[in-house]
Amino acid sequence: AALGLILSVLILELEARQPTFACHRANPLRYVALFYLPLLIPDIAYLFGIQVSLIYLNVDGQYWPLLWVHLMFVLPYCFLSLAPYYRRFDQRYWQLAMLLSASPWRSFFQIKAMMLLPALLSSFALGFTVSMTLYLPTLFIGGGRFPTLATELVALVAGADRRLIAVYALLLQAMPLVVFFTALGLPRYLFRHRKGIFL
């Protein structure tokens, strides 16, 4: 989720700073359509091919391919949820900070990132929830070597210990809920004395 958020910010920042890259106005399907492909195509249609390719390359059941596959599913959700807010940001705030002798990085983190903080945290929370619920990609690419709450819960459903199943199910529901509540409450708490700062 963190990598998906960082990559989404990099793409959108490149789009904002280079008008030639900002093709969302002229042709919205030029590169944004690539983010919809993992959402539209069923997982099973290409996960088996990815798994066979990883076995052929002798990198199956390793952490980095699993991270890459999770990112392939998480990045579209992070990008598509963040893009409307990022594109709506008025670049004059950032330019004004630059005129006041601030560096580009300082202007970004102290002005732009703070004004977009609710959108950034919400995008991370959505990516976190998607990553937590990925059962088939974790099982196929990880080879069963990386247990997650989703894979353990599905394995426990075949058992008879309903109390343990209930605990895992509650954890699977509670963790995204905590992240979403944090994403909603943290900006309000940090900037409770600055009304109207957010987009």
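What do the square roots of 5 times the Cα gyration tensor eigenvalues come to for the chain, in whole Å, largest first, as semi-axes of the equivalent ellipsoid?
One finds semi-axes of 36, 23, 13 Å for the chain.
Taking the range 112-199, how much of its Cα-Cα pair set, in percent, is spaced more than 17 angstrom apart?
In whole percent, the long-distance tail amounts to 59.
Calculate one ³J(HN,Hα) per residue across the range 8-13 by plugging θ = phi - 60° into the Karplus curve 6.51 cos²θ - 1.76 cosθ + 1.60, and present them in order as whole Hz with x for glycine and proline.
Residue by residue, the range 8-13 yields 4, 5, 4, 5, 5, 5 Hz.
Taking each pair of different alpha-carbon atoms in the range 73-120 once, compute 1/r for the pair, average those values, and report the inverse of that mean as the Kirkwood hydrodynamic radius in Å to one decimal.
The answer is 11.5 Å.
Which loop-located trypsin sites (Lys or Arg not before Pro) does the range 65-167 contain, where loop means any DSSP state but H, G, I, E or B and the Cβ has at most 16 other Cβ atoms within 10 Å?
Passing sites in the range 65-167 are Arg145.
In the chain, what percent of the accessible surface is made up of carbon and sulfur (1.4 Å probe, ligands and nucleic acids excluded)?
Carbon and sulfur together cover 68 percent of it.
Averaging sequence separations of C-alpha pairs under 8 Å and six or more residues apart, then dividing by the length of the chain, give the relative contact order as a whole percent.
28 percent.
Hey, can you find the accessible area per residue of the range 59-199 for me, probe 1.4 Å, expressed in square angstrom?
Result: 61 Å² of accessible area for each residue.
Tell me which of Phe146, Leu134, Val157 sits at the most positive position along the dipole axis of the chain, charges placed on C-beta atoms (Lys, Arg +1; Asp, Glu -1).
Looking along the dipole axis, the top candidate is Leu134.
Suppose only helical runs count, i.e. DSSP H with n ≥ 4. What mean residue ellipticity at 222 nm does that imply for the chain under -39500 (n - 2.57) per run, divided by all residues and rounded to the nearest 500 deg cm²/dmol?
-22500 deg cm²/dmol
If Lys and Arg each add +1 and Asp and Glu each add -1, what is the summed charge of the other residues whose beta carbon sits under 12 Å from the beta carbon of Phe140?
That works out to -1.
The values are calculated or read from the model by the stated rules, or taken from the named source; none is laboratory data. Remember, predicted model here, so these are calculated numbers, not experimental data. Every residue, glycine as well, gets a Cβ built from its backbone with ideal geometry; the counts of neighbours run over all protein chains shown. Side chains included, ligands, DNA and RNA excluded: accessible areas come from the protein's heavy atoms. Shrake-Rupley method; radii C 1.70, N 1.55, O 1.52, S 1.80 Å.
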